[in-house]
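Just below is one structure, and these are the notes that go with it.
Every number in this text was worked out from the coordinates using simple rules, so none of it is lab data. These figures come from a predicted structure and were not determined experimentally. Virtual Cβ from ideal backbone geometry, glycine too; neighbours counted across all protein chains shown.
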Amino acid sequence: MGSGTVSAIAGKNSDTMPPLSRRSLLNALLAATATVAAAPALGAVGSGEVDVVIIGAGAAGIAAARRVAAANRRFALLEASETIGGRCATDTKIFGVPYDLGAHWIHNPDSNPLTKLVTGIDVYPAPRTQTLRVGARSARDSELETFLAATLRAQRAMNDLGKAKADFPASRLLPKDLFDWQNTIEFMVGPFATGRELGELSAFDMARAVDRDSDAFCRQGYGALLAKLAAGLPVQLSTPVEALYWDNKRLGVDTPKGNILGRAAIVTVSTNVLSEEKIEFIPPLEKRVLGAAEKLSLGSYDHIALEMPGNPLGLQNDDMVFEQATGTRTAALLANVSGTPLHLVEVAGSFGRELAAQGEPAMVDFAGEWLSSMFGSNANRAIKRSHATRWNDNPLALGAMSGAGPGNADARKVLMEPLGGKVYFAGEAVHETQWGTVAGAWDSGTRAAEAALRRLGALGDGGDDKPVKRRRRR
Ligand SMILES: Cc1cc2nc3c(=O)[nH]c(=O)nc-3n(C[C@H](O)[C@H](O)[C@H](O)COP(=O)(O)OP(=O)(O)OC[C@H]3O[C@@H](n4cnc5c(N)ncnc54)[C@H](O)[C@@H]3O)c2cc1C
């Protein structure tokens, strides 16, 4: 583990110098830049320098920190919130059982980078079947068959761009003859999978996304799994980065607790946090980069969590329920989460956004009514405790997962380019095939760390952790 923890640096700084203001940091940076050629060991300001400053301790930030630590380089991992995980965090206080506030489905567990690394945690396959309701009754066999055939056709069609050279709305990929299941399937492949309606999504971006062939769940929660992978990392919590200074030689960040200098920075905050300029970049980000973040703005996805002891709906553990929807005002239910009394009603897309804007009581009312419409009024009465996430209002995320609008798929590539060879973006939005997922965020964090390390000469060409030895040309 690198010794470059923020706390260690903060301690050192406080012994040697008063806390710096934003302006004085800039001056100090410039001074350090000016003296670096003459004296490689920097002055007082440089005494706290790390190799890589990582902003955000969600999946991308944790992956990046692990990679930098593995290369034995000094880093500071700065997190604005009081907890780690970002959009992948598990709460155990609200209901006394694990409750994933963000990500819950571990997509493609066989190739998922997190499940490969973690041990001592209970990951099990998610059921492959779904329960379908038509009004207040279960779907009949013939209706199930129609649904299955329609789903298969939709899945195939979503990957088929034909000979299209120009991007178009992903809604055009979806067949229009999915019978009574049109609205349900539109919800499943649109809002439920991505947080957006298909008409707001790029067909190219959708077709590039890897298929989610299978899923798994973690009994302790996906956030707990991620937290296990962060164990031992020196995360500096409650340390929001307010400004990032980067000129052509030096780099530093400004937090309410003090300033830190680095040789590279990895920025993992969400695209909405970036585009709303919650972090001040000095010099400012080019329009192209800010524009890319805007083009990848976050969709809406929330859990309405209901404690319903005694399995009053008569469903299996982790039973996934959809209804034959008549419009966009629909949801999905994950029942008896990992065998607990917790039920999650999932709302997403434009309906989910409108509902969440009305506040938690309105969300819980909707969930109760929706369940009653399928399972009878006893369902509503069986709710003992409730909670709803409202990610659009969370100032450290400002939404759920990124989606590229039609014509915007290449914005992901823009965010993959480092700025001035020293500022790297990472996070779920910075992944071309696994955007919107924890696995994508993780991969992008690892990739950004490797790019930064390579640039710092900390990786050999073969990707090992030894500095590159330069040979003199004959
Ligand atoms: C409700 C919901 C359900 C989801 N379901 C799934 C699912 O089932 N499966 C799946 O794979 N994915 C799912 N996702 C998506 C998944 O959670 C995200 O793709 C992933 O967690 C994003 O990780 P990240 O590291 O890119 O960003 P984040 O997790 O957002 O991490 C960024 C971090 O930066 C911090 N930060 C923000 N501003 C600052 C600042 N100024 N200074 C320092 N730190 C700052 C934030 O607090 C945060 O911790 C879901 C998301 C939501 C919201």
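The table below gives the values:
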item: For the range 122-262, with +1 on Lys and Arg beta carbons and -1 on Asp and Glu, the positive-most of Val210, Ala136, Val235 along the dipole; result: Val235
item: Dipole in debye (nearest 20) - the chain, about Cα centre, beta carbon charges: Lys, Arg +1; Asp, Glu -1; result: 2200
item: Added length on full extension, which subtracts the Cα-Cα distance from 0.36 nm per residue, Leu237 to Asp180; result: 15.6 nm
item: Sorted by Cβ neighbour density within 10 Å, fewest at the top, the residues Asp160, Asp319, Asp410; result: Asp160, Asp410, Asp319
item: Neighbour-count ranking [beta-carbon atoms within 10 angstrom, fewest first] of Lys163, Lys384, Lys176; result: Lys163, Lys176, Lys384
item: In Hz, Karplus ³J(HN,Hα) per residue of the range 258-266 (6.51, -1.76, 1.60; θ = phi - 60°; x = Gly, Pro); result: x, 10, 9, 9, x, 9, 8, 10, 10
item: Ranked list, fewest to most other Cβ atoms within 10 Å of each Cβ, for Ser300, Ser372; result: Ser372, Ser300
item: The range 325-390 and the range 253-290: distance between their alpha carbon centers, rounded to Å; result: 36
item: Charge sum, other residues only, whose C-beta stays under 11 Å from His107's C-beta, Lys/Arg counted +1 and Asp/Glu -1; result: -3
item: In Hz, Karplus ³J(HN,Hα) per residue of the range 105-121 (6.51, -1.76, 1.60; θ = phi - 60°; x = Gly, Pro); result: 7, 8, 6, 6, x, 5, 10, 5, x, 6, 5, 5, 8, 8, 10, x, 9
item: Residue-span extension gain [Arg153 to Glu276] - 0.36 nm each, minus C-alpha spacing; result: 40.4 nm
item: Taking the range 41-199 and dividing mean pair separation by its residue count, relative contact order in percent (alpha carbons under 8 Å, at least six apart); result: 11
item: Virtual paramagnetic centre 7 Å along Cα→Cβ of Asn248, amide N under 13 Å, in the range 413-427; result: 420-421
item: Distance (nanometres) between label positions extended 7 Å along Cα→Cβ at Lys384 and Ala362; result: 3.0
item: Translational D in µm²/s for the range 149-210 (Stokes-Einstein at 37 °C, 0.692 mPa s, Kirkwood Rh from C-alpha pairs); result: 284
item: Fraction of antiparallel bridges per DSSP, the chain only, in percent to nearest 5; result: 65
item: Cut-off 12 Å between beta-carbons: net charge of the residues surrounding His343, Lys and Arg +1, Asp and Glu -1; result: -2
item: Over the chain, relative contact order from alpha-carbon pairs under 8 Å, at least 6 apart, %; result: 22
item: Distance in nm between pseudo-label sites at Ala70 and Lys163 (7 Å out along the Cβ direction from Cα); result: 4.5
item: Centroid-to-centroid separation of the range 292-317 and the range 112-132 [C-alpha atoms, Å]; result: 17
item: Scattering profile of the range 55-125 at q = 0.12, 0.20, 0.23, 0.29 Å⁻¹ [log10 I(q)/I(0), Debye over alpha-carbon scatterers]; result: -0.41, -1.03, -1.20, -1.31
